[in-house]
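Working notes, structure below.
The values are calculated or read from the model by the stated rules, or taken from the named source; none is laboratory data. All figures in this text were calculated on a predicted structure; none of them were measured in a lab. Cβ coordinates were reconstructed from backbone atoms using ideal geometry, including for glycine residues, and neighbour counts include every protein chain displayed. Keep in mind that these areas ignore ligands, DNA and RNA; they rest on the heavy atoms of the full protein, side chains included. Shrake-Rupley method; radii C 1.70, N 1.55, O 1.52, S 1.80 Å.
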Amino acid sequence: MVSVRFLYVRAANTSDESTLALDRCPFGTPSGEGTMINKCVWVKVLVILLAAVSSTWGQYRVGVGRADCTGPAAEIAFMGYGKSSQKGCGIHLRQFSRAFIFDDGTKRAVFVSVDAGMMAHGVHYAVLAQLRKLYQDTYTQENVILSGTHTHNAPGGYLMYFLYDIPTLGFVRQTFDALVAGITRSIVRAHENMLEAEIFLSSGELLEANINRSPTAYLLNPEEERDKYSYNVDKEMVQLKIVESVNRTLIGAINWFAVHPTSMNYTSCFISSDNVGYAALLLEKHLNKNSLTGKGRFVGAFASTNLGDVSPNTRGPRCVTTGKECDLVSSTCDGQAKYCVAAGPGKDMFESTQIIATKLSNKAKTLLDTPDAKKLTGPVNYVQQFVDMPEERASINLPNGTVLQVQGCRPAMGYSFAAGTTDGYGEFNFAQGTKSSSIYWNTVRDLLFPPTKEDIDCHHPKPILINSGRISTPWEWQPSIVSVQLIRLGEVILIAVPGEFTTMSGRRLRKAVTEAAVESGGPAGTKAIVTGLSNVYTSYITTFEEYQIQRYEGASTIYGPHTLALYLKRYKDLTKAMFQGEHPDSGPTPPDLSNKVHNFVPGVLFDTAGLMHRFGDCLQHPPSKVKRGTTVSAKFVAGHPRNDIMQEGSFLRVEKLIGGDEWSVAATDADWDTKFIWKRTSTLIGGSEVTIQWEIPLDTPPGTYRIRHFGHYKQFLGGIHPYSGNTPSFQVED
């Protein structure tokens, strides 16, 4: 069985699927033929008939694509922990964008999971602008979801809203362009590899991979609601498996599991896709035999969902000074948040990342082999709207039978936002659970961005620390207009949410969308999936009850205590509209900040190799003989990594000699076993060096190897030029 679009393309003898429409095949009555219907009309009739029944086939055209989207690897602050001191010094794992296109012959939708902190309006617009040049209006705001995995160890400066770009000293064009280029490239690759495929849904429980980092807030939710669930975080991994119809080849999978990618902590200066990114690489390496990391036909994503209050640091928070438990409400030890730190299951952050990633990957492998996976049938559909959250209204039915009218607030961050979390504490000795303000910080706040009485009352009991919704200097600090979006894939609904929903918030959202779908004629087996940090970032979304304690998540719920209620109403309305065939208005247009943002990050002035060396010279060689399981290092004279970010390339290669004089690539800077470490040796004369480490895997074939470094240097008042260098060869032995 084949799709309507496929049949029509073949019958109409055209390869232009991207702009295909039924009116492309011309009607007409050939001269002298009277009322004879030509071949093209019969094709159209067939297409229309097939379209009427295609939703029952469970047959789609699907494209999968992956592309490197790694940003600048040095001297750019990371987005996630909010620490300007956490600047890049190299690469441990590259960032990738993984795109999945679904087409039922009538409509087409795209889901993209990106190894980045979150997505942004500006990135979304820029990607769509690039796609429009290639495919006209095939891909739009309505049918494309961009979802960030939420790694905290990747370059920032791309969100454009000032509050989020403060750690990077403003907008960083190089980070922005890297994401846009990589995401676009992944969608193009998926578009160019569309084929007949079937989609299967499965799920299963995964334990010992996540914990709730704000359990006291979770306990404020109604007991009868909590009693419906076995855990205070979601333990279910949900998977969509994509199988090519003709050869029954597995070509892709998307996995959703609620966990923060914070196994790598704020002390790391390496770009890393963290636990979910490494899980994707493990799954892809398992299925793309004999392919380099980041290469191969199978594309496997681990996307974000309702991870707002969920941590991978499964040993939980402890006082680093005493080893005892932290205060449960404030997450402090002796009144200090910096002494309360959560730890992962490993001996350090690298081992913890590896452990969590392996658990995720292994569970995904199990789900891929699940014999009772549900084959999806039904149409592809989508709906999207922009919403001005401070102007939103909703009605809440109270237990006493009365109806409460609520509305959103202008964006604002509370005191506990500055405290950070047990995964990464904040600054200035703030503590979580703070519901009272201080004269000192209120004075500072009022000098910069004073809240009105309306703001204070609206956000209660949150004490406002940053009244971001009333600041437009140097440009807007946080968004007021957000994107809400749904994509339907048969019985599955992807709920694109613009932030970090907590566990119970996500559960309520899934329930609301599922009920609205069934009430509107959707299938009884509808499965709603929260796809987090999509399209624009608005920090956190807690339940009304969780908001009251003002933990970090509640203090970062920027539209006030009824934020979730507003989203529930809007997503229910969108669900009904989608299933009833309605097309809601697009809503207010978000502001274009591209002409307002500024970059305060110093650029690379020039590089020098020194008097005695050239760029690429090897300063430190590996031993002539090494054993598997050990780590070897090499050091090179280097240029600045920001001269060329080497997207779709690599700053390093580990190469093995095969035959007489041919070298094959054994590893790159995308591999877990390598580290690319950059260090500035002289600011005055622009000197720097690179150290490359290779932790030799135990299954490495014995033989002759070498390490190579690739880079670019910038001349003083001159251009940027490539260079390379390599170590002498060395033997890897048993």
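With a 1.4 Å probe and all protein chains kept in place, how do I456, I101 rank by accessible area, largest first?
I456, I101
Please find the FRET efficiency linking S437 to S586, where r is the Cβ-Cβ separation and R0 is fixed at 51 Å, and quote it to the nearest 0.05.
For S437 and S586, the calculated efficiency is 0.85.
Could you tell me the distance between the Cα centroids of the stretch 491-558 and the stretch 406-470, to the nearest Å?
What the calculation gives is 24 Å, centre to centre.
Would you kindly state how much longer the chain becomes between L398 and R248 on full extension, computed as 0.36 nm times their sequence separation minus their alpha carbon distance, in nm to one decimal?
Fully extending the segment from L398 to R248 adds 48.8 nm.
What Kirkwood hydrodynamic radius, in Å, does the stretch 215-322 give when the mean of 1/r is taken over all pairs of distinct Cα atoms and then inverted?
About 16.7 Å, per the Kirkwood formula over Cα pairs.
With all protein chains present, calculate the accessible area of R470 using a 1.4 Å probe and round the result to the nearest 10 Å².
Around 90 Å² of this residue is reachable by solvent.
Could you rank I658, I495 by how accessible they are, 1.4 Å probe, largest area first? Walk me through the numbers on the way to the answer.
Numbers: I658 65, I495 0 Å².
Descending accessible area places them as I658, I495.
Given the rule -39500 (n - 2.57) for each run of at least 4 DSSP H residues, summed and divided by the residues of the chain, what is its mean residue ellipticity at 222 nm, to the nearest 500 deg cm²/dmol?
Details: 15 runs with 163 residues, N = 734.
Dividing the helical sum by the residues of the chain leaves -6500 deg cm²/dmol.
Mind giving me the nanometre distance, one decimal, between the label points for K625 and E205, set 7 Å out from Cα along Cα→Cβ?
Here the modelled spin labels are 5.3 nm apart.
Taking the mean number of other Cβ atoms within 10 Å as a proxy for protection, how do you rank 322-332, 258-268, 171-181 from highest to lowest?
Answer by packing, highest mean first, reads 258-268, 171-181, 322-332.
How much of E224 can a 1.4 Å solvent probe reach, expressed as accessible area in Å² and rounded to 10?
Accessible area, nearest 10 Å²: 130 Å².
When only Cα pairs under 8 Å and 6 or more residues apart are kept, what is the percent relative contact order across the stretch 61-174?
For the stretch 61-174, the relative contact order is 30 percent.
Which of the listed residues, G719, T691, I707, is farthest toward the dipole's positive end in the stretch 675-734, when Lys, Arg count +1 and Asp, Glu count -1 at the beta-carbon?
Farthest towards the positive end: G719.
Taking the solvent-accessible surface of protein heavy atoms with a 1.4 Å probe, what is the per residue accessible area of the stretch 575-686 in Å²?
54 Å²
Out of all DSSP beta bridges in the chain, what portion is antiparallel? Express it as a percent rounded to 5. The partial results should precede the final answer.
Values: 113 of 135 bridges.
Antiparallel bridges: around 85 percent, rounded to the nearest 5.
With only Lys, Arg, Asp and Glu charged, each at its Cβ (+1 for the first two, -1 for the last two), find how big the charge dipole of the stretch 216-369 is about the Cα centre; round to the nearest 20 debye.
With only Lys, Arg, Asp and Glu charged at Cβ, the dipole is about 800 debye.
Under a point-charge model restricted to the Cβ atoms of Lys and Arg (+1) and Asp and Glu (-1), what is the dipole moment magnitude of the chain relative to its Cα centre, in debye to the nearest 20?
820 debye
Probe 1.4 Å, all protein chains in place: accessible area of E695 in Å², nearest 10?
Answer for E695: close to 90 Å² accessible.
Ordering H459, H613, H191 by how much accessible area each has at a 1.4 Å probe, largest first, what is the list? Mind dumping the intermediate values first?
Working: H459 0, H613 85, H191 30 Å².
Sorted descending by solvent-accessible area, the residues read H613, H191, H459.
What fraction, in whole percent, of alpha-carbon pairs in the chain exceed 50 Å separation?
So the portion of pairs separated by more than 50 Å is 16 percent.
Under a Cβ-only charge scheme (Lys and Arg +1, Asp and Glu -1), can you give me the dipole magnitude of the stretch 71-173 about the Cα centre, in debye to the nearest 20?
It comes to approximately 180 debye.
For the stretch 437-562, report the accessible area per residue in Å² (1.4 Å probe, heavy atoms, rounded to an integer).
30 Å²
With a 1.4 Å probe and all protein chains left in place, how much accessible area per residue does the stretch 127-200 have, in Å²?
Accessible area per residue: 28 Å².
In the chain, what percent of the accessible surface is made up of carbon and sulfur (1.4 Å probe, ligands and nucleic acids excluded)?
Carbon and sulfur: 53 percent of the exposed surface of the chain.
Just to be sure I follow the rule: in the stretch 353-486, considering lysines 8 or more places apart or on different chains, how many pairs have Cα atoms under 29 Å apart?
Lysine pair count for the stretch 353-486: 9.
Using DSSP to define loop residues, name the GluC sites (Glu not before Pro) in the stretch 135-215 whose beta-carbon has at most 13 other beta-carbon atoms within 10 Å.
E192, E208
Tell me the trypsin sites (Lys or Arg not before Pro) within the stretch 334-403 that lie in a loop according to DSSP and have at most 16 other beta-carbon atoms within 10 Å.
K347
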